[in-house]
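Following: one structure in structure tokens, then a few remarks.
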Amino acid sequence: MKHSLRRIALLAALMWPLALWAQQGQTVRIAFIDPLSGPSGDIGRNSLKSWQFMAERKNGAANPAGVRFVVAGFDNKGSPQESLNALKAAIDQGFRYIVQGNGSGAAAAISDAVTRHNARDPEHPVLYINYAAMDPALTNEKCSYWHFRIDADTGMKMQALTRFMAVQPALQKVFLLNQNYAHGQQVSRYFREAMAQQRPDVQVVGDELHPPFLGIDFTPFVQRIRDSGAQALVTGNWGADLRDMIQAMQRQGLTIPLYAYYPGLVGTPTLLAESGVRLPVYQVAYNHSNQEGPIGELATAFRKRHGEDLTVYAAYDGIEMLAHAMAHVRSIDPARVAARLSGMIFRGFSGPVQLRADDHQLQKGIYISRWQKVDPSHPRSAENTGYTFAPVQYFDGPGLAGPSRCQMERP
């Protein structure tokens, strides 16, 4: 991998002047389609700011293609149907690059619609970048040549989480609590499957689903978790549902370890700080609060500008991979860019990564990080709380990914 990266860096350096001559001044317009209002609007707005911030920092001479990236937000209200309406509006306005992440249902609808559009109108193709929708089917049974996922899927994340949990010999009983839609259902399913392989003696003593984003009272759930004798809680909840669940745990003094996908998103660190470290929290994600190198500097600059944490680190990878693909093909045409992205190795925010050609799934490493006080080794505070998510274990991306089941139809 290191040798491949060196070769790519050398080629990029040699081609940079030619790429700038061919493309300097061209504008690449990206349509960001996610909830910008409603109960998950705070997450969507933070994500949009992240993409716009990275686009601005990687504009013109700051990227090897010499292009200008512009990211515009379209509110899908968290709905697959509204996502299709937003996609149509974006295409009608001339956008040829689509970004979306919050919700696998919306992701599936967009991927199908983009594929159909490109079949009908091959002269004006559209490319779709999925930065957070983790349904494994999107790069397997429902895979599309025009869809590129730059987050690890649920199967990969659950492999990392269960490998981490499996080496804790005292852990015997786990409770699962998730939102009742594709993502939450898959967290439950993949946890059961992966843990059965790692530690078949671990019991799932509760497995409950609840309606997402309806402002429900989590008090009865917390009581059932306590009554079950669970020694750990695993959840894929995010946004308001995760915050409401944590508040219910705090009110009832339930302090068993919480293993979660999204405790670093907007508002949750501030809430966690109320419990300090009395509530042990572990995050499974492709990033943590104290990434080093250029992305760490960008995270600091983002907080200074917006007063919020940078949480969508995938925005860095998305802009970076587009810039390098466009430099290589000396074009901003989505068809030529897609052909280059398929199988491409590039330097992401945490090191070299590859978009697997078989299914367009980014082979991304996963961190398990722990909620703790900042210290000299982990100085970047989450939401200025004095606490941070510090990495305790890293799992290499290719070691987490299973074999591809994608039967991709290529143009």
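The values are calculated or read from the model by the stated rules, or taken from the named source; none is laboratory data. All values derive from a computational prediction rather than experimental measurement. All Cβ positions, glycine included, derive from the backbone under ideal geometry; neighbour counts span all protein chains shown.
Brief remarks follow.
- The residues listed here are ALA285, ALA323, ALA335; of these, the one that is among the aliphatic types (A, V, I, L, M), crowded, with 18+ Cβ neighbours inside 10 Å and closer than 30 Å to LYS373 by Cβ is ALA285.
- Flag for ALA133 being under 18 Å from SER188 (Cβ atoms) and in a loop (DSSP other than H, G, I, E, B): yes
- Residue match in segment 126-144 (condition: within 23 Å of GLU320 (Cα to Cα), surrounded by fewer than 22 Cβ atoms within 10 Å (Cβ to Cβ) and in contact (Cβ under 8 Å) with a residue 12 or more places away in the chain): no
- Residues in segment 373-390 that are assigned to a strand (DSSP E or B) and surrounded by 17 or more Cβ atoms within 10 Å (Cβ to Cβ): HIS378, TYR387, THR388, PHE389, ALA390.
- Condition met for ASP201 (outside any helix (DSSP H, G or I) and more than 26 Å from the chain's Cα centre (by Cα)): yes
- GLY253 satisfies every condition listed in (1) under 17 Å from LEU233 (Cα atoms); (2) in contact (Cβ under 8 Å) with a residue 60 or more places away in the chain; (3) more than 21 Å from the chain's Cα centre (by Cα) except (2).
- Scan segment 294-320 for residues that are farther than 20 Å from THR268 by Cα, buried (at least 24 other Cβ atoms within 10 Å of the Cβ) and not hydroxyl-bearing (Ser, Thr, Tyr) and the total you get is 4.
- Taking segment 219-246 as the range and being farther than 17 Å from VAL284 by Cβ and either hydrophobic (A, V, I, L, M, F, W, C) or not assigned by TED's automatic domain parsing to the domain that holds ASP207 (or both) as the test, the residues that pass are PHE221, VAL222, ILE225, ALA230, ALA240.
- Any hit, segment 177-185, residues being in a strand (DSSP E or B) and either over 24 Å from GLY229 (Cβ atoms) or not aliphatic (A, V, I, L, M) (or both): yes
- Checklist (1) crowded, with 19+ Cβ neighbours inside 10 Å; (2) out of contact with any helix residue (DSSP H, G or I) (no Cβ under 8 Å at 6 or more places or on another chain) applied to ASP112, failing item: (1)
- Selection within segment 267-313 - part of a helix (DSSP H, G or I), outside the structural domain of GLY236 (by TED's automatic domain parsing) and over 19 Å from SER377 (Cα atoms): ALA301, PHE302, ARG303, LYS304, ARG305, HIS306
- Residue in segment 163-172 that is aromatic (Phe, Trp, Tyr), in a helix (DSSP H, G or I) and more than 30 Å from ASP317 (Cβ to Cβ) present: no
- Residue in segment 75-86 that is under 19 Å from GLN26 (Cβ atoms) and in the same structural domain as LYS304 (by TED's automatic domain parsing) present: no
- Filtering segment 56-89 to residues that are small (Gly, Ala, Ser), surrounded by fewer than 22 Cβ atoms within 10 Å (Cβ to Cβ) and touching a residue at least 12 places away in the same chain (Cβ under 8 Å) leaves GLY60, ALA61, ALA72, GLY73, SER79, ALA89.
- Candidate set from segment 209-220 (those that are aliphatic (A, V, I, L, M) and part of a loop (DSSP other than H, G, I, E, B)); member that is surrounded by the most Cβ atoms within 10 Å (Cβ to Cβ): ILE216
- Taken as a whole, segment 152-173 holds at least one residue that is buried (at least 19 other Cβ atoms within 10 Å of the Cβ), farther than 28 Å from VAL222 by Cβ and aliphatic (A, V, I, L, M).
- Hey, ALA22 surrounded by 15 or more Cβ atoms within 10 Å (Cβ to Cβ), assigned by TED's automatic domain parsing to the domain that holds TYR131, at pLDDT 95 or above and hydrophobic (A, V, I, L, M, F, W, C) or not: no
- Going through (1) out of contact with any Pro (no Cβ under 9 Å at 6 or more places or on another chain); (2) within 19 Å of ASN178 (Cβ to Cβ) one by one, ALA301 falls short only on (2).
- Extreme residue, surrounded by the most Cβ atoms within 10 Å (Cβ to Cβ), among residues of segment 350-372 that are out of contact with any strand residue (DSSP E or B) (no Cβ under 7 Å at 6 or more places or on another chain) and farther than 19 Å from TYR262 by Cα: ASP359
- Of ARG226, ARG251, all but one fail to be at pLDDT 95 or above and under 24 Å from GLN203 (Cα atoms); the exception is ARG226.
- Lone qualifier among GLY239, GLY206, GLY253, GLY184 - being of a type in the set (Gly, Ala, Ser), surrounded by 17 or more Cβ atoms within 10 Å (Cβ to Cβ) and within 21 Å of VAL277 (Cα to Cα): GLY239
- Here SER404 meets the list (1) in contact with a Gly (Cβ under 7 Å, 6 or more places away or on another chain); (2) of a type outside the set (D, E, K, R); (3) assigned to a loop (DSSP other than H, G, I, E, B) almost entirely, failing just condition (1).
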